[in-house]
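Below is one structure, written out as C-alpha coordinates; the observations come after it.
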Amino acid sequence: MKDYGPPRLSSDFFDESQFKEISAARLLYSTMLSPGVEKLALEFSKVFVSRGKKEAKGIRREKNPDNLLEMMKQHPDPINHLLLKKKIIGYSKLMVPKIIEELEDNKDDVFVELAVKIIYGSKIDCSSQLLEILDSIKHPYTLSLLCLLLGFNGPEESIRPVWNCYHFFKEKYPKESYDQGPLLALYEFRERFDVS
(Lines give C-alpha, C1' and ligand atoms only; values in the text may rest on other atoms or scores of the structure.)
Protein backbone atom coordinates (compact mmCIF):
# COMPACT_ATOMS: atom_id res chain seq x y z
CA MET A 1 0.00 0.00 0.00
CA LYS A 2 1.14 3.53 -0.75
CA ASP A 3 2.72 5.53 2.06
CA TYR A 4 0.79 8.73 2.71
CA GLY A 5 3.41 10.27 4.96
CA PRO A 6 3.62 10.73 8.71
CA PRO A 7 0.26 10.64 10.53
CA ARG A 8 -1.02 14.04 11.67
CA LEU A 9 -3.79 13.44 14.19
CA SER A 10 -4.41 17.09 14.92
CA SER A 11 -7.72 18.77 15.70
CA ASP A 12 -7.59 20.26 12.19
CA PHE A 13 -7.38 16.77 10.67
CA PHE A 14 -10.47 15.58 12.58
CA ASP A 15 -12.35 18.81 11.78
CA GLU A 16 -11.68 18.24 8.06
CA SER A 17 -12.29 14.46 8.18
CA GLN A 18 -15.87 14.19 9.31
CA PHE A 19 -17.39 11.05 10.77
CA LYS A 20 -20.50 9.90 8.95
CA GLU A 21 -23.49 9.68 11.24
CA ILE A 22 -24.52 6.35 9.76
CA SER A 23 -22.00 3.79 8.53
CA ALA A 24 -21.37 0.12 9.22
CA ALA A 25 -18.09 0.98 10.96
CA ARG A 26 -19.82 3.57 13.15
CA LEU A 27 -22.48 1.05 14.16
CA LEU A 28 -19.88 -1.58 15.02
CA TYR A 29 -17.80 1.04 16.86
CA SER A 30 -20.82 1.97 18.97
CA THR A 31 -21.55 -1.64 19.90
CA MET A 32 -17.91 -2.15 20.86
CA LEU A 33 -17.99 0.91 23.10
CA SER A 34 -21.39 -0.01 24.59
CA PRO A 35 -21.86 -3.79 24.41
CA GLY A 36 -25.02 -3.57 26.51
CA VAL A 37 -26.78 -1.83 23.61
CA GLU A 38 -26.42 -4.93 21.42
CA LYS A 39 -27.88 -7.12 24.17
CA LEU A 40 -30.74 -4.68 24.75
CA ALA A 41 -31.55 -4.55 21.02
CA LEU A 42 -31.51 -8.35 20.88
CA GLU A 43 -33.86 -8.69 23.84
CA PHE A 44 -36.19 -6.11 22.30
CA SER A 45 -36.23 -7.85 18.91
CA LYS A 46 -36.96 -11.26 20.48
CA VAL A 47 -40.33 -9.86 21.58
CA PHE A 48 -41.30 -9.43 17.92
CA VAL A 49 -39.26 -12.13 16.17
CA SER A 50 -39.57 -15.85 16.77
CA ARG A 51 -37.07 -17.23 14.28
CA GLY A 52 -33.66 -18.79 14.86
CA LYS A 53 -34.64 -21.08 17.75
CA LYS A 54 -33.37 -24.27 16.12
CA GLU A 55 -30.07 -22.61 15.23
CA ALA A 56 -29.73 -21.23 18.79
CA LYS A 57 -30.24 -24.71 20.20
CA GLY A 58 -27.48 -26.01 17.90
CA ILE A 59 -25.10 -23.26 19.03
CA ARG A 60 -25.79 -23.96 22.70
CA ARG A 61 -25.20 -27.71 22.28
CA GLU A 62 -22.07 -27.47 20.10
CA LYS A 63 -18.91 -28.56 21.88
CA ASN A 64 -16.52 -28.54 18.90
CA PRO A 65 -15.06 -25.04 18.40
CA ASP A 66 -14.25 -25.76 14.73
CA ASN A 67 -17.95 -26.38 14.11
CA LEU A 68 -18.71 -23.01 15.70
CA LEU A 69 -16.31 -21.42 13.22
CA GLU A 70 -18.18 -23.14 10.40
CA MET A 71 -21.44 -21.72 11.78
CA MET A 72 -19.88 -18.25 11.57
CA LYS A 73 -19.27 -18.81 7.86
CA GLN A 74 -22.88 -19.88 7.16
CA HIS A 75 -24.57 -16.52 7.79
CA PRO A 76 -26.14 -17.25 11.15
CA ASP A 77 -29.37 -15.47 11.93
CA PRO A 78 -28.54 -12.02 13.39
CA ILE A 79 -30.76 -12.93 16.33
CA ASN A 80 -28.10 -15.54 17.26
CA HIS A 81 -24.95 -13.47 16.71
CA LEU A 82 -24.53 -12.57 20.39
CA LEU A 83 -25.01 -16.20 21.47
CA LEU A 84 -22.51 -17.46 18.87
CA LYS A 85 -20.03 -14.73 19.83
CA LYS A 86 -20.19 -15.67 23.52
CA LYS A 87 -19.81 -19.36 22.75
CA ILE A 88 -16.74 -18.81 20.55
CA ILE A 89 -15.17 -16.44 23.09
CA GLY A 90 -15.27 -19.40 25.48
CA TYR A 91 -12.69 -21.02 23.18
CA SER A 92 -10.91 -17.77 22.32
CA LYS A 93 -7.28 -18.90 22.78
CA LEU A 94 -7.86 -21.64 20.23
CA MET A 95 -10.27 -19.78 17.95
CA VAL A 96 -8.88 -16.24 17.61
CA PRO A 97 -5.81 -17.37 15.58
CA LYS A 98 -8.10 -19.43 13.31
CA ILE A 99 -10.48 -16.50 12.85
CA ILE A 100 -7.57 -14.21 11.94
CA GLU A 101 -6.40 -16.76 9.40
CA GLU A 102 -9.89 -16.78 7.85
CA LEU A 103 -9.95 -12.97 7.70
CA GLU A 104 -6.97 -12.81 5.35
CA ASP A 105 -9.03 -14.03 2.37
CA ASN A 106 -12.45 -12.99 3.68
CA LYS A 107 -15.10 -11.56 1.36
CA ASP A 108 -18.05 -12.05 3.71
CA ASP A 109 -19.22 -8.90 5.52
CA VAL A 110 -21.24 -10.82 8.13
CA PHE A 111 -18.24 -12.99 8.98
CA VAL A 112 -15.89 -10.01 9.40
CA GLU A 113 -18.34 -8.17 11.67
CA LEU A 114 -18.71 -11.22 13.90
CA ALA A 115 -14.96 -11.83 13.80
CA VAL A 116 -14.14 -8.29 14.93
CA LYS A 117 -16.66 -8.51 17.79
CA ILE A 118 -15.23 -11.88 18.88
CA ILE A 119 -11.60 -10.74 18.71
CA TYR A 120 -12.42 -7.55 20.62
CA GLY A 121 -14.54 -9.44 23.17
CA SER A 122 -11.82 -12.05 23.72
CA LYS A 123 -9.45 -9.37 25.11
CA ILE A 124 -6.58 -11.24 23.42
CA ASP A 125 -3.91 -8.91 22.04
CA CYS A 126 -3.49 -10.14 18.50
CA SER A 127 -2.50 -6.79 17.01
CA SER A 128 0.84 -8.12 15.73
CA GLN A 129 -0.96 -10.85 13.74
CA LEU A 130 -3.43 -8.29 12.38
CA LEU A 131 -0.61 -5.97 11.32
CA GLU A 132 1.11 -8.89 9.56
CA ILE A 133 -1.91 -9.59 7.35
CA LEU A 134 -3.08 -5.98 6.85
CA ASP A 135 -1.28 -5.42 3.53
CA SER A 136 -2.49 -8.73 2.08
CA ILE A 137 -6.21 -8.06 2.66
CA LYS A 138 -7.98 -7.31 -0.62
CA HIS A 139 -11.58 -7.00 0.57
CA PRO A 140 -12.08 -3.32 1.47
CA TYR A 141 -14.75 -3.88 4.13
CA THR A 142 -12.57 -6.44 5.94
CA LEU A 143 -9.61 -4.05 5.80
CA SER A 144 -11.73 -1.17 7.09
CA LEU A 145 -13.00 -3.12 10.11
CA LEU A 146 -9.59 -4.56 10.97
CA CYS A 147 -8.28 -0.99 11.05
CA LEU A 148 -11.11 -0.15 13.45
CA LEU A 149 -10.13 -3.09 15.67
CA LEU A 150 -6.49 -1.96 15.68
CA GLY A 151 -7.67 1.43 16.92
CA PHE A 152 -8.89 -0.26 20.09
CA ASN A 153 -5.96 -2.58 20.76
CA GLY A 154 -3.10 -1.90 18.36
CA PRO A 155 0.25 -0.55 19.53
CA GLU A 156 1.46 2.91 18.53
CA GLU A 157 3.19 1.37 15.47
CA SER A 158 -0.31 0.63 14.12
CA ILE A 159 -1.03 4.31 13.56
CA ARG A 160 0.89 4.70 10.30
CA PRO A 161 -0.59 1.63 8.52
CA VAL A 162 -4.10 2.70 9.59
CA TRP A 163 -3.35 6.27 8.43
CA ASN A 164 -2.30 4.85 5.05
CA CYS A 165 -5.50 2.79 4.84
CA TYR A 166 -7.63 5.85 5.61
CA HIS A 167 -6.06 7.84 2.77
CA PHE A 168 -6.14 4.84 0.43
CA PHE A 169 -9.90 4.49 0.96
CA LYS A 170 -10.48 8.23 0.50
CA GLU A 171 -8.56 8.09 -2.78
CA LYS A 172 -9.78 4.77 -4.20
CA TYR A 173 -13.36 4.62 -2.84
CA PRO A 174 -14.47 8.26 -2.45
CA LYS A 175 -18.19 7.40 -2.64
CA GLU A 176 -18.05 4.54 -0.14
CA SER A 177 -17.72 4.65 3.65
CA TYR A 178 -14.72 2.29 3.96
CA ASP A 179 -12.65 5.21 5.28
CA GLN A 180 -14.80 5.34 8.41
CA GLY A 181 -13.18 2.26 10.03
CA PRO A 182 -9.66 3.73 9.84
CA LEU A 183 -10.93 7.21 10.75
CA LEU A 184 -12.56 5.92 13.94
CA ALA A 185 -9.36 3.98 14.68
CA LEU A 186 -7.28 7.14 14.27
CA TYR A 187 -9.57 8.87 16.72
CA GLU A 188 -9.02 6.02 19.20
CA PHE A 189 -5.25 6.23 18.67
CA ARG A 190 -5.30 9.93 19.46
CA GLU A 191 -7.19 9.23 22.70
CA ARG A 192 -5.01 6.27 23.71
CA PHE A 193 -1.59 7.65 22.83
CA ASP A 194 -2.16 11.39 23.16
CA VAL A 195 -0.71 12.03 19.70
CA SER A 196 -1.50 14.98 17.47
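Structure summary
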quantity: Some residue of region 163-182 being modelled with pLDDT of 95 or more and either farther than 28 Å from residue 8 by Cα or aliphatic (A, V, I, L, M) (or both); calculated: no
quantity: Subset of region 153-170 (residues that are in contact (Cβ under 8 Å) with a residue 60 or more places away in the chain and out of contact with any helix residue (DSSP H, G or I) (no Cβ under 6 Å at 6 or more places or on another chain)); calculated: 160, 163, 164, 167, 168
quantity: Flag if residue 182 is farther than 21 Å from residue 31 by Cβ and free of Cβ contacts under 8 Å to residues at least 40 places away in the same chain; calculated: no
quantity: First in region 125-152 and under 23 Å from residue 34 (Cβ atoms), second anywhere and aromatic (Phe, Trp, Tyr), Cβ under 7 Å, 6 or more apart; calculated: 141/178; 144/169; 144/178; 148/29; 149/120; 151/189; 152/120
quantity: 2 or more residues among the β-branched types (Val, Ile, Thr) and at pLDDT below 95: qualifying helices (runs of 4 or more DSSP H) within region 1-106; calculated: 35-48
quantity: Extreme residue, surrounded by the fewest Cβ atoms within 10 Å (Cβ to Cβ), among residues of region 119-139 that are acidic (Asp, Glu) and assigned to a loop (DSSP other than H, G, I, E, B); calculated: 135
quantity: Residues located in region 89-122, provided they are more than 24 Å from residue 26 (Cα to Cα) and aliphatic (A, V, I, L, M); calculated: 94, 95
quantity: Residue list for region 131-178, restricted to those being among the hydrophobic types (A, V, I, L, M, F, W, C) and touching a Ser or Thr at 6+ places or on another chain (Cβ under 8 Å); calculated: 131, 150, 165, 169
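The values are calculated or read from the model by the stated rules, or taken from the named source; none is laboratory data. Only a predicted model underlies this, so the values are computations on that prediction, with no experimental measurement involved. Positions of Cβ are generated from backbone atoms using ideal geometry, with glycine treated the same way; all protein chains shown enter the neighbour counts.
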